[in-house]
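So the structure is just underneath, and the comments pick up after that.
The values are calculated or read from the model by the stated rules, or taken from the named source; none is laboratory data. Owing to the predicted nature of the structure, the values given are computational and were not obtained by experimental measurement. Here Cβ is always computed from backbone atoms with ideal geometry, including for glycine, and neighbour counts include all displayed protein chains.
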Amino acid sequence: MYILETKNLKKSFGGVHALNDLSISFAKGKLTGIIGPNGSGKTTLVNVLTGMQAITGGAVVVGGKSLHAIRPEELPRLGITRTFQDVRLFEQMTVGDNIMVVLTARGPYAALTERSERKREERVKEVLEKVGLWEKRHQLAYNLSYGQRKLLEITRVLAMDADIILLDEPFAGLFKEMVKVIVHIIGELKAAGKTVLLIEHNMDLIRELSDHVIVMDAGGLLAEGKPDAVLARHDVIEAYLGE
Ligand SMILES: Nc1ncnc2c1ncn2[C@@H]1O[C@H](COP(=O)(O)OP(=O)(O)OP(=O)(O)O)[C@@H](O)[C@H]1O
Ligand SMILES: [Mg+2]
């Protein structure tokens with residue numbers, strides 16, 4: 001059963017076809033790894049799925065409903081959330097407030113808002129303790145290390161409890177220990193039945209975490225299937241070596 005699909009999805013920037021007739025599907029409750037050379041359209045896919053960039057053509061189907069435009073304010077209702085390849089936090093807010101702010105937003109979390117400030121504070125504590133950032137709760141996001149910033153961004157996603165989670169290179173540039181922490185969090189998201197899209201260049205992590213792998217090339221679909229089978233394909237290996 002597919003919770004999210006793209007149908008002949010197109011996104012152009014002038015003459016550049018970042019997404020070129022892309023038709024792919026994401027199974028509910030599974031982790032789909034998305035790989036492909038630099039510039040193959042992976043981040044653009046996430047930008048279009050989250051309404052940060054307008055669709056040029058085709059459609060996105062969320063929970064069976066076909067959409068030709070997605071507005072960012074609809075994301076909570078659609079149950080979609082994301083992280084950014086270039087970490088985006090509220091730099092002048094504390095670590096705690098970076099989590100609190102997403103719990104206070106409109107949408108499905110409104111229920112939490114209504115439930116009371118105390119409930120939200122408990123949720124902040126719960127997720128920060130889980131990832132080991134509770135001791136840092138009063139620090140400004142700006143003062144965290146790169147790895148802690150990546151961790152805080154994914155913690156925010158964890159706190160939001162959305163059904164569809166788009167992770168754009170969550171491991172990029174991280175030390176081994178932090179990679180382990182984030183692998184653990186992704187494991188928990190899987191165990192909670194979340195649908196996860198994971199963009200990643202590290203093939204060992206893709207192999208370890210993915211139920212299904214999609215390979216993009218030049219804005220289109222090059223290959224898809226089980227990780228071991230896909231990663232052994234010559235055309236896939238060539239697409240990477242050809243960079
Ligand atoms: N805002 C933009 N304006 C113009 N061109 C863009 C824009 N965003 C992306 N592109 C182009 O679209 C293509 C796809 O870029 P995208 O960032 O989606 O690739 P990617 O697969 O995420 O690459 P990477 O692995 O390096 O992150 C590239 O040719 C890129 O230069
Ligand atoms: Mg990218």
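So, in the range 30-88, of the ones that are over 25 Å from Leu103 (Cβ atoms) and in contact with a Phe, Trp or Tyr (Cβ under 7 Å, 6 or more places away or on another chain), which residue ends up surrounded by the fewest Cβ atoms within 10 Å (Cβ to Cβ)? Give the derivation first.
As a first pass, look at the range 30-88 and keep what is over 25 Å from Leu103 (Cβ atoms): 30, 32-45, 48, 53-61, 64-69.
If we keep only those that are in contact with a Phe, Trp or Tyr (Cβ under 7 Å, 6 or more places away or on another chain) as well, we get 32, 37.
Values: Thr32: 21, Pro37: 18.
Of everything passing the filter in the range 30-88, Pro37 is surrounded by the fewest Cβ atoms within 10 Å (Cβ to Cβ).
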Seminar exercise, completed: Note on Ser210: of the conditions (1) free of Cβ contacts under 8 Å to residues at least 40 places away in the same chain; (2) surrounded by 18 or more Cβ atoms within 10 Å (Cβ to Cβ), unmet is (1)
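Is the range 172-194 home to any residue that is part of a strand (DSSP E or B) and surrounded by 16 or more Cβ atoms within 10 Å (Cβ to Cβ)?
As a first pass, look at the range 172-194 and keep what is part of a strand (DSSP E or B): none.
So far as the range 172-194 goes, no, none of its residues is part of a strand (DSSP E or B) and surrounded by 16 or more Cβ atoms within 10 Å (Cβ to Cβ).
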Problem set entry | the range 35-62: number of residues that are in a loop (DSSP other than H, G, I, E, B), closer than 21 Å to Ser210 by Cα and touching a strand residue (DSSP E or B) at 6+ places or on another chain (Cβ under 8 Å) | 4
Exercise. For the range 37-67, what are the residues that are near ligand 2 (Cβ under 10 Å from one of its atoms) and either touching a Leu at 6+ places or on another chain (Cβ under 7 Å) or β-branched (Val, Ile, Thr) (or both)?
Worked result: Gly41, Thr43, Thr44, Leu45, Val46
Problem set entry | Condition met for Leu144 (over 23 Å from Leu75 (Cα atoms) and either at pLDDT 95 or above or out of contact with any strand residue (DSSP E or B) (no Cβ under 6 Å at 6 or more places or on another chain) (or both)) | yes
Exercise. Which members of the range 27-54 meet the condition of being more than 18 Å from Glu169 (Cα to Cα), at pLDDT 95 or above and more than 13 Å from ligand 1 (Cβ to nearest atom)?
Worked result: Ala27, Lys28, Gly29
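Could you tell me whether Leu205 is within 15 Å of ligand 1 (Cβ to nearest atom), modelled with pLDDT of 95 or more and in a helix (DSSP H, G or I)?
On the way: within 15 Å of ligand 1 (Cβ to nearest atom): yes; modelled with pLDDT of 95 or more: yes; in a helix (DSSP H, G or I): yes.
So Leu205 passes the test.
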